[in-house]
Amino acid sequence: MKRGVAALSLLGLGLAQEAHRVFIKNPGGSFNQEVAFIWPWVYFFSALVFVVVAGALAYVTWKFRARPGQEGEPPQIHGNDRLEAVWTLIPLGIILVLFGLTARALIQVNQPIPGAMRVEVTAYQFWWDFNYPELGLRNSNELILPAGVPVELEITSRDVIHSFWVPGLAGKRDAIPGQKTLLRFTPNEPGNYYGFCAELCGASHARMLFRVLVVPEEEFERFVAAVRDYTPPVADARGQQVFQQNCMACHGIQGTPPPVVLGPDVGFMGNRTSLAAGVLENNPENMKAWIRDPASIKPGVAMPGFPQLSEEDLEALVRYLDGLRLEGIDFRTLPRF
Ligand code: HEC
Ligand SMILES: [Cu+2]
């Protein structure tokens, strides 16, 4: 019993701590501001309907209660045209108001935003690729956006249907093979936002996460400028060799994309806050565990394990991957939403 209570309160605490990740009312972006505007109206009308219906029920129950000395059925009432008209017209009015607000918001969030930055979002089982065609930049699993700048995401998938969802910034959009769906919004508040795949897509669907890093505009400019003259550093020569022998067929590094995209780009692995599509913190321990046996972390993953690598090779490889970074850029201090 005591244990049960302890477990429950832990669960409650955990949920409270994690709730911010799915808090669609967080007005971190223009899309969610529209959602946040409709929300109180829906609540207001729901509360109103509840109070009126429950109140009428209580009143009728009390008013027509059985009284001492009464026998048999009381007089029966059949139909009341005026009442029926009222309880049809009032809900109709409420629905029309909600319809109007929703239609307005839908038009608002789907409008093209002039000057928006374009990012191609491609979903794979079980990770995300983010390509900035105008900036010559590709990053996987962490979408970096400048605060205050409108963005237009062109979302698609290479295998099954996925769905792109960052609750703190915007609503969901399906990622459909052979088709482009658009999602437009302006992220306002800098932060590290949790993203999810919101369409059941296979064994590791629940582990198909990602991050959106919204950074101040100057920092984004600095990042893009640094990307332009980026030569991927070689922090460990042996590590680079191990990478070229085992990993390069699937993993691109900024500027040296593989012929076919089979795995995430690891060009800025040292700058990443997360690993394996948002599932793990990015640190050397997790990196080693991932390379040795990714399937134990993500069932059904398309990356083979490398249990045969010697400890030295693995350490060298991890040093090499961590060295793939832009100096002077740190995303770890962003507040988490
Ligand atoms: C057959 C292709 C393939 C090979 C070979 C391969 N990987 Fe992967 N790798 C993948 C795929 C696919 C993913 C994405 C898995 C997921 O999250 O679902 C991945 C994910 C990763 C990630 C996480 C990336 C991120 O964005 O968080 C790292 C790091 C990584 N691989 C490193 C390596 C290293 C190091 C090697 C060589 C020892 C290697 N991979 C070999 C296909 C491959
Ligand atoms: Cu998915």
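No value in this document is a laboratory result; all are computed from the given coordinates. As the structure is a prediction and not an experimental result, all values here were calculated from the model. Reconstructed Cβ throughout: ideal geometry from the backbone, glycine too, with neighbour counts over all protein chains shown.
Computed quantities for the displayed model
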read-out	value
Highest-MSF residue in the chain out of Glu219, Glu120, Glu311 [GNM, Cα springs under 10 Å]	Glu311
Descending principal axes extents, the stretch 59-173, alpha-carbon based, whole Å	88, 32, 25
Residue-averaged [θ]222 nm for the chain, counting only DSSP H segments that reach four residues, each worth -39500 (n - 2.57)	-12500 deg cm²/dmol
Cleavage-rule hits (chymotrypsin sites (Phe, Trp or Tyr not before Pro)) in the stretch 55-152: DSSP loop, at most 13 neighbouring Cβ within 10 angstrom	Phe64
Cα-based equivalent ellipsoid, the stretch 254-335: semi-axes from gyration tensor eigenvalues, Å	20, 15, 15
For the stretch 114-337, radius of gyration divided by Kirkwood radius, i.e. Rg to Rh on alpha-carbons	0.94
Reachable lysines, given that their alpha-carbon falls under 22 Å from the alpha-carbon of Lys288 and they are not under 8 places away in the same chain	Lys298
Ordering of 160-172, 197-209 by burial proxy (mean other Cβ atoms within 10 Å per residue, highest first)	160-172, 197-209
Value of D in µm² per second that Stokes-Einstein yields for the stretch 167-249, Kirkwood Rh from Cα pairs, at 20 °C (1.002 mPa s)	128 µm²/s
Candidates Arg228, Arg65, Arg238, ranked by Gaussian network fluctuation over the chain, Cα under 10 Å, top entry	Arg65
Separation in nanometres of the label points that stand 7 Å from Cα toward Cβ, at Gln76 and Val149	7.3 nm
Label-point separation in nm, Met117 to Val5, each point 7 Å along Cα→Cβ	5.2 nm
Val97 paired with Arg336, simple spin-label distance in nm, labels 7 Å along Cα-to-beta-carbon	4.0 nm
Mean separation of Cα contacts under 8 Å (6+ apart) over length of the chain, as relative contact order %	17 percent
Fraction of antiparallel bridges per DSSP, the stretch 114-337 only, in percent to nearest 5	65 percent
Gained length - Thr231 relative to Leu57, 0.36 nm times residue gap less alpha-carbon distance	55.3 nm
Globularity ratio of the stretch 37-120, using Cα Rg and 2.2 N^0.38 Å	1.92
Degrees between helix 237-246 axis and first principal axis of the chain (Cα, 0 to 90, nearest 10)	60 degrees
Distance from the stretch 211-228 to the stretch 172-200 (C-alpha centre basis), Å	19 Å
Rg in Å to one decimal, and Dmax rounded to a whole Å, for the stretch 185-228 via C-alpha atoms	14.4, 40
